[in-house]
Amino acid sequence: MSNRFVDAGLSAPVNLTWEVTLACNLRCRHCLSSSGRPAVGELDTAEALQAVEQLHGAGVFQVNFGGGEPFLRPDFEEILSACHDRGLVTCISTNGTLLDQARVRRLSRSRLVAIQVSLDGARRETCDAIRGEGTFAEALHALRLLASSPIPTSINTVLTGPNAAEIPDLHRLAGSLGVSLRVSRFRPSGRGAVDWEALRPTASQLLAFSAWLSTEAGVRTGDSFFSLTSQERQGLGLNLCGAAKLTCCLGPRGDLYPCAFLQRREFRAGSLRRRSFAEIWRESPVFESFRSLRIHSCESCQRFDQCHGGCPAVAYHLGRGVGGGDPECLMECVTTLGGPAPRPAVQEPTP
Amino acid sequence: MAPAPATARRSASPRSGEAEERCYRLAPGCQVRAERFGLLFYDLSGPRLLFAETGDLLPASLLRAGGSPGQALRGRTAAERRRTAQLLDLLVRKGFLHEQPVR
């Protein structure tokens, strides 16, 4: 089923992903935005605070901060405070390396923040091979700090081939720390495209994860594991791509995109430096094209009602175009198990 | 006098007159905004969403500020008042609203 209210168009996104900076002190192999150095022309503090005001004015409920490493922005806590002062709920995706007791204490003062710490393996060797030497220990340290605070905390793991077998152990680790587990999908975007073949889960790993996930109601996927959504999400009719319907992405320079994985020139919906958020949300032809996007090649599939064609970003990055159908859908996993894997299309530089 | 404690649940749907004698306000952690279909509720615990097909029966501002729907329902038909009472009851049962008697 789909959600007819969402299909009819919402006045604003429910949540928005804001990549506040491309600056990062790590160089994770699967990074969707190839983060490292800050982007040229990132929003300054005044512009960022203005953006917060616009998001609040539009009626956005929640802002999910990512990057890059958000805490590398010296004004990040100021931006957070501006959100919380207006009642905007925030979620921060961080590598955890810049969290200390004092910062956690400051963040704890707001009841409107949740934090996800990235951890890509239950074993140090697995995580460090993906995220860099020492990251496993640093993330665990951050998780322990957060677990002793009132901040809702989760481990965020990108499902890859090397860590697929460790997901149940990660779930146990999360439980032992008193935090939850969220598993995200690996997409061939940014550095993830370069290492796609080395890191992508195999069809059998995806199927095994799907089977495991169906027995673990407490594990969140949070994004488009469209073929893997729980009955609860399906019941709400939200088992669809939410890009430009329920969510969108604000890039570090103030540009809006349908989602964080489609931050490319052709998907740029507009700039907050030129137009208001509400105008862009309402009138952008890019957003409109996503709202009317239909994955016709999938419509005859028996699982169409469960996934609506999957993730347009994965389809795009693997050369099918956004309307081409998700190459990693479970039905294809079943039918192509052992067959040739799709490869990422040639990447244009991120604008 | 301390305000009466908010009740999160009711045993049976209220009649429209009863609903209009109660105060409703958003539960902690919940937000609401107007949409074409009515009201969209968001609860940060979860987070959860609820699409409430309230049409123009209930202004979001009333629930944000907290208050009785009596004023907003003035001039409405009996069927609309009954529908509003049912919606409010549902929203209380789902945990998005708290209610308390006006008096």
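The values are calculated or read from the model by the stated rules, or taken from the named source; none is laboratory data. Owing to the predicted nature of the structure, the values given are computational and were not obtained by experimental measurement. Note: ideal-geometry Cβ built from the backbone for every residue, glycine included; neighbour counts use all protein chains shown. Protein only, heavy atoms only, side chains kept; ligands, DNA and RNA dropped before computing areas. Shrake-Rupley method; radii C 1.70, N 1.55, O 1.52, S 1.80 Å.
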If R₀ is 30 angstrom, what is the calculated FRET efficiency for the pair A:Val40 and B:Arg64, using the beta carbon separation as r and rounding to 0.05? 0.15
Residues whose placed amide H lies under 5 Å from that of A:Asn64, excluding near-sequence neighbours: A:Leu16, A:Thr17, A:Trp18, A:Cys91
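Could you please state how large a percent of the accessible area of the stretch B:13-101 is carbon and sulfur, counting protein chains only and using a 1.4 Å probe? Provide the component values of the computation, followed by the final result.
Numbers: 1980 of 4020 Å².
Exposed carbon and sulfur together represent 49 percent of the surface.
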Points 7 angstrom from Cα along the Cβ direction at A:Ala137 and A:Ala278: gap in nanometres? 5.2
Just give the residues from the stretch B:35-58 buried by at least 10 square angstrom of accessible area in the all-chains context relative to the isolated chain, probe 1.4 Å, and say none if nothing qualifies. B:Glu35, B:Arg36, B:Phe37, B:Leu40, B:Tyr42, B:Leu44, B:Gly46, B:Pro47, B:Leu49, B:Phe51, B:Glu53
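Report for the protein assembly as shown the percent antiparallel among DSSP-assigned beta bridges with both residues inside it, nearest 5. Could the numbers behind the result be given before it?
Working: 22 of 53 bridges.
In the protein assembly as shown, DSSP labels about 40 percent of beta bridges as antiparallel.
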Could you give each residue of the stretch A:169-184 its phi-based ³J(HN,Hα) in whole Hz, using Karplus coefficients 6.51, -1.76, 1.60 with θ = phi - 60°, and x for Gly or Pro? 5, 5, 5, 5, 4, 4, x, 5, 8, x, 10, 9, 10, 10, 10, 9
Could I have the simple spin-label model distance between B:Arg74 and A:Glu216, label points 7 Å from Cα toward Cβ, reported in nm to one decimal? 5.7
At 7 Å along Cα-to-Cβ for each site, give me the label-to-label distance between A:Glu47 and A:Asp128 in nm. 3.9
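If each residue of separation counts as 0.36 nm, what is the full-extension length gain between A:Asp75 and A:Arg111 once their alpha-carbon separation is subtracted? Walk me through the intermediate numbers first.
Values: separation 36, 0.36 × 36 = 12.96 nm, distance 1.97 nm.
That works out to 11.0 nm of additional length.
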Averaged per residue, the 1.4 Å probe accessible area of the stretch B:13-101, protein heavy atoms only, in Å², is roughly 45
On the protein heavy atoms, probe 1.4 angstrom, tell me the percent of accessible surface of chain A carried by carbon and sulfur. 52
Give me a comma-separated list of calculated 3J(HN,Hα) values for the stretch A:273-289, in order, Karplus coefficients 6.51, -1.76, 1.60 applied at θ = phi - 60°, integers in Hz, x for any Gly or Pro. 6, 10, 9, 6, 4, 4, 4, 5, 4, 7, 10, 4, x, 5, 4, 4, 5
Determine the calculated [θ] at 222 nm for chain A from helices alone, applying -39500 (n - 2.57) to every DSSP H run no shorter than 4 residues and normalising by the residue count; nearest 500 deg cm²/dmol. -9000 deg cm²/dmol
Per residue value of the accessible surface for chain A (all protein chains in place, 1.4 Å probe), Å²: 41
